[in-house]
1. The conditions are (1) out of contact with any helix residue (DSSP H, G or I) (no Cβ under 7 Å at 6 or more places or on another chain); (2) closer than 24 Å to residue 1 by Cβ, and residue 47 fails exactly one of them. Which is it?
2. Could you grab the pairs with beta carbons closer than 6 Å, sequence gap of 6+ or different chains, first residue in the stretch 44-73 and without any contact (Cβ under 8 Å) to a residue 12 or more places away in the chain, second one surrounded by 16 or more Cβ atoms within 10 Å (Cβ to Cβ) and assigned to a helix (DSSP H, G or I)?
3. For the stretch 2-20, how many residues meet the condition of being surrounded by 12 or more Cβ atoms within 10 Å (Cβ to Cβ) and more than 11 Å from the chain's Cα centre (by Cα)?
4. How do the helices (runs of 4 or more DSSP H) wholly within the stretch 34-86 filter down when requiring 2 or more residues that are at pLDDT 95 or above and closer than 16 Å to residue 23 by Cα: which remain?
């Protein structure tokens, strides 16, 4: 399985979208500061993920979620969470 995941920085409140074939290990790497691109935005929390059967589908979904339409989609489906997190 391949996972597309969304992390939210508790520091700047922005999203980070990624994909991995091992979600638990990848989230731990992010939280431990081993991923350079988001290291300075910690602490992080996992707010959303999806499972896909193949890598190409997961990569396509990750690319979509990084677009403006994808960000709007995330804001819509996470609307209740975002309200509570304020």
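The values are calculated or read from the model by the stated rules, or taken from the named source; none is laboratory data. Since the structure is predicted, the reported quantities are computational estimates derived from the model, not experimental observations. A quick note on method: Cβ atoms are made from the backbone with ideal geometry, for glycine too, and the neighbour counts reach across all protein chains shown.
1. (1)
2. 64/70
3. Here is the first cut: in the stretch 2-20, the ones surrounded by 12 or more Cβ atoms within 10 Å (Cβ to Cβ) are 2-10, 15-20.
Among the residues that remain, those that are also more than 11 Å from the chain's Cα centre (by Cα) are: 2, 10.
Total meeting the criteria: 2.
4. Values: elements: 55-65, 68-77, 79-84.
Of the helices (runs of 4 or more DSSP H) lying wholly inside the stretch 34-86, those with at least 2 residues that are at pLDDT 95 or above and closer than 16 Å to residue 23 by Cα span 55-65.
Yes/no matrix, rows are residues, columns are (1) farther than 24 Å from residue 82 by Cβ; (2) surrounded by 15 or more Cβ atoms within 10 Å (Cβ to Cβ):
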{"residue": "33", "(1), (2)": "yes, no"}
{"residue": "37", "(1), (2)": "no, no"}
{"residue": "41", "(1), (2)": "no, yes"}
{"residue": "51", "(1), (2)": "no, no"}
{"residue": "56", "(1), (2)": "yes, no"}
{"residue": "62", "(1), (2)": "no, yes"}
{"residue": "67", "(1), (2)": "no, no"}
{"residue": "70", "(1), (2)": "no, yes"}
